[in-house]
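The values are calculated or read from the model by the stated rules, or taken from the named source; none is laboratory data. Predicted model, so just to flag it, every value in this text is computed and none were measured. Counting neighbours? That spans all protein chains shown, and the Cβs are built from the backbone with ideal geometry, glycine included.
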Ligand code: ATP
Ligand code: MG
């Protein structure tokens, strides 16, 4: 793998579940930034959601697999879900550097909501030396505010954070989970394969599914 890739995108998240927002943004950034591929990395035990229950990692991983299957530029990595304990992006980046070598630049794709939170990430100063960030706006987030934050990171930590103008997509996993609980349709918010998977495994019907013995009639 060493020396084979120059520019790789990383799409990290809880993906609970993955939706068209994630997919559209990743594809847009892949093209705009000239990335050779985008690796989706579902989190294991997200450190920032310690008190919030998250669906079993294997389900989230399976859904990311299904959602990305038709795009030859998309790949899914299970490194975070295989790791014991909480997963930290810094460890993931170090692992990826080992695999791909020093000639590969990593571009970590994030929505505007994640940028202000970066200061809470483990070894974030160090993270800025291991990857560049690519931020896109999400509905409800002011561009001015995003740019201010980015300036702050640039000035204080020499961070490289690109801003890409991508379509604003008003989809979130929270909205999807809520709609399922309310018995509403999630068509056109997630790929059909993901919709089927959610239905077959009865996910999100009763809060966060931890056991999978439930089946729909
Ligand atoms: P939740 O509502 O559970 O927080 P989410 O939709 O924000 O879910 P995450 O898995 O938390 O999805 O997000 C992973 C990454 O994808 C984050 O960087 C987030 O900002 C980004 N992202 C998610 N949805 C969108 C969207 N509609 N537009 C742009 N970025 C998005
Ligand atoms: Mg989120």
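For the range 35-43, check the following and say yes or no: at least one residue is at pLDDT below 95, within 13 Å of the chain's Cα centre (by Cα), under 24 Å from residue 177 (Cα atoms) and part of a loop (DSSP other than H, G, I, E, B).
Yes, the conditions are met somewhere in the range 35-43.
Need the failing condition index for residue 53 against (1) surrounded by 17 or more Cβ atoms within 10 Å (Cβ to Cβ); (2) under 29 Å from residue 191 (Cα atoms); (3) in contact (Cβ under 8 Å) with a residue 24 or more places away in the chain, just the number.
Answer for residue 53: the failing condition is (1).
So that you can scan it fast, the table gives a plain yes or no per residue for (1) within 16 Å of ligand 2 (Cβ to nearest atom); (2) without any contact (Cβ under 8 Å) to a residue 12 or more places away in the chain:
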site: 138; (1), (2): yes, no
site: 160; (1), (2): no, no
site: 183; (1), (2): no, yes
site: 190; (1), (2): yes, no
site: 204; (1), (2): yes, no
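Residue by residue through the range 9-23, note down the ones that are in a strand (DSSP E or B), more than 10 Å from ligand 2 (Cβ to nearest atom) and surrounded by fewer than 22 Cβ atoms within 10 Å (Cβ to Cβ).
Within the range 9-23, 12 is the sole residue that qualifies.
Restricting to the range 113-134, name every residue that is assigned to a loop (DSSP other than H, G, I, E, B) and surrounded by 21 or more Cβ atoms within 10 Å (Cβ to Cβ).
We begin by selecting, within the range 113-134, every residue assigned to a loop (DSSP other than H, G, I, E, B); these are 113-114, 121-123, 131.
Correct list: 131 only.
If I ask for residues that are near ligand 1 (Cβ under 10 Å from one of its atoms) and over 14 Å from residue 33 (Cβ atoms), which ones from the range 93-139 would you list?
Scanning the range 93-139 gives 111, 112, 113, 114, 115, 117, 137, 138, 139.
The conditions are (1) near ligand 1 (Cβ under 10 Å from one of its atoms); (2) modelled with pLDDT of 95 or more, and residue 48 fails exactly one of them. Which is it?
Of (1) near ligand 1 (Cβ under 10 Å from one of its atoms); (2) modelled with pLDDT of 95 or more, only one is false for residue 48: (2).
For residues in the range 167-181 being within 16 Å of ligand 2 (Cβ to nearest atom) and in a loop (DSSP other than H, G, I, E, B), which is surrounded by the fewest Cβ atoms within 10 Å (Cβ to Cβ)?
Filtering the range 167-181 for residues that are within 16 Å of ligand 2 (Cβ to nearest atom) and in a loop (DSSP other than H, G, I, E, B), the one surrounded by the fewest Cβ atoms within 10 Å (Cβ to Cβ) comes out as 170.
Identify the single condition in (1) in contact with a strand residue (DSSP E or B) (Cβ under 9 Å, 6 or more places away or on another chain); (2) at positive phi that residue 158 does not satisfy, given that it satisfies every other one.
Only one criterion is unmet by residue 158, namely (1).
Take the range 65-104 and flag every residue that is surrounded by fewer than 16 Cβ atoms within 10 Å (Cβ to Cβ), without any contact (Cβ under 8 Å) to a residue 40 or more places away in the chain and assigned to a helix (DSSP H, G or I).
Those that are surrounded by fewer than 16 Cβ atoms within 10 Å (Cβ to Cβ), without any contact (Cβ under 8 Å) to a residue 40 or more places away in the chain and assigned to a helix (DSSP H, G or I): 82, 91, 94, 95, 97, 98.
Please find, within the range 111-123, the residue that is nearest to ligand 2 (Cβ to nearest atom) out of those that are within 22 Å of residue 22 (Cβ to Cβ) and in contact with a helix residue (DSSP H, G or I) (Cβ under 8 Å, 6 or more places away or on another chain).
Filtering the range 111-123 down to residues within 22 Å of residue 22 (Cβ to Cβ) leaves 111-118, 120-121.
Subset that is in contact with a helix residue (DSSP H, G or I) (Cβ under 8 Å, 6 or more places away or on another chain): 111-112, 115-118, 120-121.
Numbers: 111: 7, 112: 11, 115: 12, 116: 13, 117: 10, 118: 14, 120: 14, 121: 14 Å.
Here the residue is 111.
Which of the following residues is closer than 23 Å to residue 11 by Cβ and surrounded by fewer than 16 Cβ atoms within 10 Å (Cβ to Cβ): 149, 154, 184, 200?
Working: 149 fails: surrounded by fewer than 16 Cβ atoms within 10 Å (Cβ to Cβ); 184 fails: closer than 23 Å to residue 11 by Cβ; 200 fails: closer than 23 Å to residue 11 by Cβ.
Just one listed residue meets the conditions, 154.
Restricting to the range 24-34, name every residue that is in contact (Cβ under 8 Å) with a residue 24 or more places away in the chain and assigned to a helix (DSSP H, G or I).
Correct list: 24, 25, 26, 27, 28, 29, 30, 32.
I'm checking my understanding of the structure. Among residues of the range 147-166 that are part of a loop (DSSP other than H, G, I, E, B) and within 16 Å of ligand 1 (Cβ to nearest atom), which one is nearest to residue 24 (Cα to Cα)?
Step one: filter the range 147-166 for residues part of a loop (DSSP other than H, G, I, E, B), giving 158-160, 164-166.
Remaining after also requiring within 16 Å of ligand 1 (Cβ to nearest atom): 159, 164-166.
Numbers: 159: 25, 164: 13, 165: 12, 166: 9 Å.
My answer is 166.
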